[in-house]
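Scroll down for the structure; my scribbles are underneath it.
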Amino acid sequence: MNIMNTIISPRELHTALQQPQQSIILLDCRFTLGKPEAGSDAYQNEHLPDAHYLDLEKDLSSVATSHGGRHPLPDVQKLAQKLGSLGINADSRVVVYDEQNGMMASRAWWLLRYIGIEYVQILNGGFTNWKQSGYETTKSVPAASPQTFVPFVQQDWGLAGVEYVKENLHNPNVVLVDSREKKRYLGLEEPIDFVAGHIPGAIHSFWQDVLTSEGLWKTDKEWKEMFSAIDSHAEVIVYCGSGVSACPNVLALKSAGFPNVKLYAGSWSDWISYRDNPIEKNR
């Protein structure tokens, strides 16, 4: 699937779901940081017809330890088993959505692509846009037709670890992008992690800037303009606080035509867990 086709509108999704030859599996990824049950509660109350629920911390992350950040990537086999239990295999067409401006859906999108599912799309505007478009919702939890899903990690999809980032801190051909809010990047405010600042040399690009003021995804042309200051041949490593809100920037950069984009999944919360790693402030 071409990266340019990643975003699907409510109208396009609704039309596709009416086609008997189409087999689309919907994944509800709503989650509120600091309120771990809010997403599941929202799903139980109302969701898209036939959508299954994936939890950021139970399904799309593993348990946090001393290193790896606040939302370490899940075990590949466990994630594959979970997806298989929902009827997903490598050939499935999957559409993911959330109610957090695409942040959680982008994490799911990145992970599913990483483990070998090529046809993954994000619902533009998420659950809110679907409802505002007048389409049906339900409380009914669908039955699944379990599949055997054998994951195949896409090494070229782009994953960077802490050592790789350290090795390339002074590489002129590598650009680090910090996706957090500007105050956190500058070290002026840190409401979550125990150290403020950013990785030395990183530039700032707030993840919500890939969206319009209405919370919809911008176009690939707009993303190209947005990232025009970055050398198109550079390797780009994107991070945030814990590897979640970096994913919208990864999507936008890939869509803008950058051929070598990596996610530093552990992100800032992993970086500062190594006390000898340098930090920078007010750059």
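The values are calculated or read from the model by the stated rules, or taken from the named source; none is laboratory data. Since we're looking at a predicted model, the values are computed, not measured. Methodologically, a virtual Cβ is constructed for each residue, glycine included, from the backbone with ideal geometry; neighbour enumeration extends over all protein chains shown. All accessible areas refer to the heavy atoms of the entire protein, side chains included, with ligands and DNA or RNA removed. Shrake-Rupley method; radii C 1.70, N 1.55, O 1.52, S 1.80 Å.
As a rough guide to protection, the peptides 50-57, 231-238 ranked by mean Cβ packing within 10 Å, highest first, stand as 50-57, 231-238. From its DSSP helices (H runs of at least four residues, each -39,500 (n - 2.57)), the chain gives a residue-normalised ellipticity at 222 nm of -7000 deg cm²/dmol.
Computed from label points 7 Å out along Cα-Cβ, the spacing between Asp50 and Glu214 is 2.7 nm.
Over all pairs of different C-alpha atoms in the chain, the reciprocal of the mean inverse distance, the Kirkwood hydrodynamic radius, equals 19.2 Å.
Here is the size of the stretch 80-119 from its Cα atoms: Rg then Dmax, 10.2, 27 Å.
Straight-line cross-link reach from Lys139 at under 24 Å between alpha-carbon atoms covers these lysines, not counting any fewer than eight positions away in the same chain: Lys35, Lys58, Lys82, Lys131.
Each Lys or Arg adds one and each Asp or Glu subtracts one; over the other residues with Cβ under 14 Å from the Cβ of Ala105, this totals -2.
Heavy atoms only, probe 1.4 Å: what % of the accessible area of the stretch 159-273 goes to carbon and sulfur, would you let me know? Whole-percent figure for carbon plus sulfur exposure: 49. Mean sequence separation of contacting Cα pairs (under 8 Å, at least six apart), scaled by the length of the stretch 7-133, corresponds to a relative contact order of 31 percent.
Can you give the net charge of the other residues whose Cβ lies under 14 Å from the Cβ of Thr137, counting K and R as +1 and D and E as -1? Show your work: numbers first, answer last.
On the way: positive: Arg30, Lys131, Lys139; negative: Asp28, Glu46, Asp50, Glu99, Glu136.
Once positives and negatives cancel, what remains is -2.
Calculate the all-directions average of the projected area of the stretch 7-133's alpha-carbon convex hull, and give it in nm².
Value for the stretch 7-133: 7.7 nm².
Straight-distance candidates among the lysines for linking to Lys281, with alpha-carbon spacing under 22 Å and chain neighbours fewer than 8 residues away dropped: Lys166, Lys182, Lys183.
In Å², and per residue, what accessible area does the chain have when probed at 1.4 Å with the other protein chains present?
Numbers: 12910 Å² over 283 residues.
Ligands and nucleic acids excluded, the figure is 46 Å² per residue.
Taking the DSSP bridge list for the stretch 1-139 and keeping only pairs wholly inside it, about 15 percent are antiparallel. Mean separation of Cα pairs under 8 Å and 6 or more residues apart, divided by the residue count, gives the chain a relative contact order of 22 percent.
Given +1 at the Cβ of Lys and Arg, -1 at the Cβ of Asp and Glu and no other charges, the dipole of the stretch 7-133 around its Cα centre is 200 debye to the nearest 20.
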